[in-house]
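A quick write-up on the structure given underneath.
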Amino acid sequence: MNLHGTSRIGDNQHLWIGGLDTVELAKKYGTPLYLYDLSLIKNRASGFKKAFEENGVGYQVAYASKAFSSIAMFQIIEQEGLSLDVVSGGELYTALQAGFPPERIHFHGNNKSLAELEFALSAGVGCIVVDNFHEISLLKMMSSKLNKKIDILLRLTPGIEAHTHDYIITGQEDSKFGFDLGNGQGDKALQEVLAFEGFRVLGIHCHIGSQIFETEGFTLAIEKLFGHFKKWEENYSYFPSVVNLGGGFGIQYTSEDTPLSPEQYVSAMIEEVKKQMIHFEGQDLPELWIEPGRSLVGDAGTTIYSIGSQKEIEGVRHYVSIDGGMTDNIRPALYQAKYEAFVANKMNAELTQTVSIAGKCCESGDMLIWDIDLPEVCDHDFLAVSCTGAYGYSMASNYNRIQRPAVVFVENGEEQLVVKRETYEDLIKNDVPLKSNVFV
Ligand SMILES: *Cc1c(COP(=O)(O)O)cnc(C)c1O
């Protein structure tokens, strides 16, 4: 049993998080319920920051908000002094509503609309991470129209893709994101943005993957990028003042996962950048930016479900159903993601059976966990699934017209509801009934 952050087994054999009994919270707020362990989020945030500070490197740690965004979450990120990545007008709107300082917001995305770019520029976001030639044209037009200089990073695809325990080096990466370095798109984009006086080209961005457990992918990417910077220095007299290395730092969903600490990832990056800087006499060390999403909130999140029906097929499988599933956690269905779970009110009970946890949607694929050892359970029990903090609520849907769950933050014995559970009324609030006399 792997307990994350402040998760503990209480004297009453219940799972406690943030100094609070999760069973009591489930009874108070209903289930399914997302709980976020704020201390864990704050520890990770300071771990990332400390690694830069101890090395005396200029930095920004930007939370990749797609992992989980809400007003309260953005307030925490602001308090921790982090920056913020948004990829849509909706994420930007939420951040602004949370009072997040726009100059610390970076706007990402491979198909930002004109309206979204206008929104971002009028809000005064810190920079636009430019993804493609279409976007360069839109931004040129807007810079001229607004008579305003726009701070940009160029998103590059260095031809390295990292996956959990390995990385792939591809000549020309098949990716919808960014300018490819291998085929010359990156150089062409740089020339174009440098030639336009309405841009301040702060630097470059690259994001090589997600749930990465080793540092090789990052150091290889740095090596490739800086190899290119040498050409850029010679050909265009350009050297970036910001190098954004993206996110993708892994977390431990199950014992199969072996992530490094924030300090280890960051130190390896800094070391490689410093090594590369030997080739750049007279240039200042660029600011290093990173964009952790999952590693800030993933293992800080736990979902509490109520256990309902069970179906035992002798010699085949024992299904245990919970009152949520793919509507609040699509990752098992989408990525075959694996999770650990406990019975929140029977934490020390003997694990006597192997069961599979089923969601309540009308899909055979709505399975949360296959083959997990649990104690005997009944319909008064609560199942706690750990590590659901990233890409859980943010990918939640109303499939089968199921309401999205509530979200509660916990820390030091205190709790606060930060996202209300949706109601039936919420589900129909955008529905427009037929007018009389039409379609008859
Ligand atoms: C998704 C994403 C991240 C965050 O990835 P995690 O694996 O959650 O850390 C960071 N940067 C970019 C550009 C992304 O698309």
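Each Lys or Arg adds one and each Asp or Glu subtracts one; over the other residues with Cβ under 11 Å from the Cβ of Ser175, this totals -3.
Please state the charge dipole magnitude for segment 38-293, taken about the Cα centre, from unit charges on C-beta atoms (+1 on K and R, -1 on D and E), reported in debye and rounded to the nearest 20. Write down the numbers at each step before the final one.
Values: 20 positive and 34 negative charges, 143 e Å.
Computed about the Cα centre, the dipole is about 680 debye.
Amide hydrogen proximity for Thr157: with H placed 1.01 Å from N in the peptide plane, the residues at 5 or more positions away or on another chain lying under 5 Å are Phe179, Asp180, Leu181. Note that segment 1-83, at 37 °C in a medium of 0.692 mPa s, gets a Stokes-Einstein diffusion coefficient of 222 µm²/s from its Kirkwood radius over C-alpha pairs.
Other residues within the sphere of radius under 11 Å centred on the Cβ of Leu351, judged by their own Cβ, net out at -2 (K and R +1, D and E -1). Considering only Leu139, Ala62, Ile222, the residue lying farthest towards the positive end of the dipole of the chain is Leu139, judged by Cα position with unit charges set on Cβ.
Scoring 187-197, 218-228 by mean Cβ neighbours within 10 Å over their residues and listing the highest first yields 218-228, 187-197. Holding the Cα-Cα limit at 30 Å, pick out from Lys112/Lys149; Lys112/Lys148; Lys231/Lys274; Lys149/Lys429; Lys66/Lys149 the pairs that are longer than that. Going by Cα-Cα distance, Lys149/Lys429 fall outside the 30 Å limit. Each residue of segment 150-162 was assigned a 3J(HN,Hα) from its phi angle through the Karplus curve 6.51 cos²θ - 1.76 cosθ + 1.60 (θ = phi - 60°); the sequence is 10, 7, 10, 10, 9, 7, 10, 10, x, x, 10, 10, 9 Hz, with glycine and proline shown as x.
Where both partners of a DSSP beta bridge lie in the chain, what percent of those bridges are antiparallel, to the nearest 5? Show your work: numbers first, answer last.
Numbers: 35 of 74 bridges.
Rounded to the nearest five, the antiparallel share is 45 percent.
For the pair segment 167-217 / segment 399-440, the C-alpha centres are spaced 39 Å from each other.
Amide H contacts under 5 Å for Glu287: Val242, Val243, restricted to partners 5 or more places along the chain or on a different chain, H placed in the peptide plane at 1.01 Å from N.
Please state the relative contact order of the chain as a whole percent: Cα pairs under 8 Å, 6+ residues apart?
Numbers: 934 pairs, mean separation 86.7, N = 440.
Relative contact order for the chain comes out at 20 percent.
For the pair segment 304-379 and segment 222-280, the centres of their Cα atoms are 40 angstrom apart. Compared with the dominant Cα axis of the chain, that is its longest principal axis, helix 262-277 is turned about 10°.
So how do 176-183, 66-73 stack up, highest first, on mean other-Cβ count within 10 Å? Mind dumping the intermediate values first?
Values: 176-183: 18.4, 66-73: 21.9.
Result, highest mean first: 66-73, 176-183.
Arranged from highest to lowest average of other beta-carbon atoms within 10 Å per residue, in what order do the peptides 43-50, 361-368 appear? Write down the numbers at each step before the final one.
Working: 43-50: 19.2, 361-368: 15.2.
Packing order, densest peptide first, comes out as 43-50, 361-368.
Charge tally for His106 (other residues, Cβ to Cβ under 13 Å; Lys, Arg +1; Asp, Glu -1): -3. Taking every alpha-carbon pair under 8 Å whose residues sit at least 6 apart, segment 356-396 reaches a relative contact order of 27 percent. With the helix formula -39500 (n - 2.57) applied to DSSP H stretches of n ≥ 4, the chain reaches a computed 222 nm mean residue ellipticity of -9000 deg cm²/dmol.
Between the helical axis of 38-54 and the dominant principal axis of the chain, each derived from Cα atoms, what acute angle in degrees is found, rounded to the nearest 10? Helix 38-54 sits roughly 20 degrees off the main axis of the chain. Modelled this way, with points 7 Å down the Cα-to-C-beta line, the labels at Cys362 and Thr254 are 3.1 nm from one another. Could you tell me which residue out of Val243, Phe119, Gln79 lies farthest along the dipole of segment 38-293 toward its positive end? Charges go on the beta carbon: Lys and Arg +1, Asp and Glu -1, centred on the Cα centre. Toward the positive end, the furthest listed residue is Phe119. Using only side-chain charges placed at the Cβ, +1 for Lys and Arg and -1 for Asp and Glu, the dipole size of the chain relative to its Cα centre rounds to 1220 debye.
Look at the dipole of segment 38-293 built from charges on Cβ: of Leu38, Thr94, Pro262, the Cα furthest out on the positive end belongs to Thr94.
Using Cα pairs closer than 8 Å and at least 6 residues apart in sequence, work out the relative contact order for segment 38-293, in percent. Provide the component values of the computation, followed by the final result.
Numbers: 467 pairs, mean separation 52.5, N = 256.
Relative contact order comes out at 21 percent.
Any idea what diffusion coefficient the chain gets from Stokes-Einstein, in µm²/s, Kirkwood Rh on alpha carbon pairs, 10 °C, 1.306 mPa s? Here the translational diffusion coefficient equals 68 µm²/s.
Coordinate-derived values only; no laboratory data. Small disclaimer: the values here were computed from a predicted structure and weren't measured. All Cβ positions, glycine included, derive from the backbone under ideal geometry; neighbour counts span all protein chains shown.
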